[in-house]
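Trainee: Take this structure, written in structure tokens, and hold onto it; I'll ask about it next.
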Amino acid sequence: MEMGRKFVVFVVLMVLVFEVARAVTFCNMNDDGINACKPSVTAPNPTEPTKKCCKALSRADLTCLCSYKNSILLPSLGIDPNLAMGLPAKCNLTPPDGCT
């Protein structure tokens, strides 16, 4: 009985951890925005950004996003940094100085 109770507590904690992690934003972009833009910043066949992507990007902190252009974080997420740095222009947004 005790083992069953511990398992239930473990499962509940894991569900909470995943829900909190899902709600995390990255440079003011939530999971939905990142997922909307991912096809546009993924090589070898990027797509044109969707309206949903551009809307999410317009709310993002572009300076924050730009700070990751030389980081290993973007490639580890399957994002091509060069495509990512060109995305604001494709959405008719002005990228921060030095970010292209």
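Trainee: Does the stretch 54-75 contain any residue that is among the aliphatic types (A, V, I, L, M) and open to solvent by 40 Å² or more (accessible area, probe 1.4 Å)?
Mentor: Yes, the stretch 54-75 contains at least one residue that is among the aliphatic types (A, V, I, L, M) and open to solvent by 40 Å² or more (accessible area, probe 1.4 Å).
Trainee: Quickly run through the stretch 1-58 and pick out the residues that are more than 20 Å from K90 (Cα to Cα), modelled with pLDDT of 55 or more and of a type in the set (D, E, K, R).
Mentor: Residues satisfying the conditions are E2, R5, D31.
Trainee: Let me ask something else. State whether one or more residues within the stretch 31-40 are within 13 Å of the chain's Cα centre (by Cα), open to solvent by 80 Å² or more (accessible area, probe 1.4 Å) and free of Cβ contacts under 8 Å to residues at least 60 places away in the same chain. Give the steps one after another, and end with the answer.
Mentor: Narrowing the stretch 31-40 to residues within 13 Å of the chain's Cα centre (by Cα): 31-40.
This time we only want the ones that are open to solvent by 80 Å² or more (accessible area, probe 1.4 Å), so: 32, 35.
Then keep just the ones that are free of Cβ contacts under 8 Å to residues at least 60 places away in the same chain; that gives 32, 35.
Checking the stretch 31-40: at least one residue is within 13 Å of the chain's Cα centre (by Cα), open to solvent by 80 Å² or more (accessible area, probe 1.4 Å) and free of Cβ contacts under 8 Å to residues at least 60 places away in the same chain.
Trainee: Anything in the stretch 54-74 that is within 19 Å of D31 (Cβ to Cβ) and in a helix (DSSP H, G or I)? List them, or say none.
Mentor: Listed by number, the residues that qualify are C54, K55, A56, L57, S58, R59, L62, C64, L65, L73, L74.
Trainee: Still on this structure, I have one more. Out of the residues in the stretch 54-78 meeting the condition of being among the hydrophobic types (A, V, I, L, M, F, W, C) and out of contact with any helix residue (DSSP H, G or I) (no Cβ under 9 Å at 6 or more places or on another chain), tell me which one is nearest to S40 (Cα to Cα). Don't jump to the end; show me each part of the working.
Mentor: Within the stretch 54-78, the first condition is being among the hydrophobic types (A, V, I, L, M, F, W, C), and the residues that meet it are 54, 56-57, 60, 62, 64-66, 72-74, 77.
From what is left, the residues that are out of contact with any helix residue (DSSP H, G or I) (no Cβ under 9 Å at 6 or more places or on another chain) are 64, 72-73.
Values: C64: 19, I72: 18, L73: 17 Å.
The selected residue is L73.
The values are calculated or read from the model by the stated rules, or taken from the named source; none is laboratory data. Keep in mind that what you see is a predicted model, and the values were worked out from it rather than measured. With ideal geometry, Cβ positions are generated from the backbone for all residues, glycine too; neighbour counts draw on all protein chains shown. The protein model used for the area step is the full one, side chains on, heavy atoms only, and it has no ligands, DNA or RNA in it. Shrake-Rupley method; radii C 1.70, N 1.55, O 1.52, S 1.80 Å.
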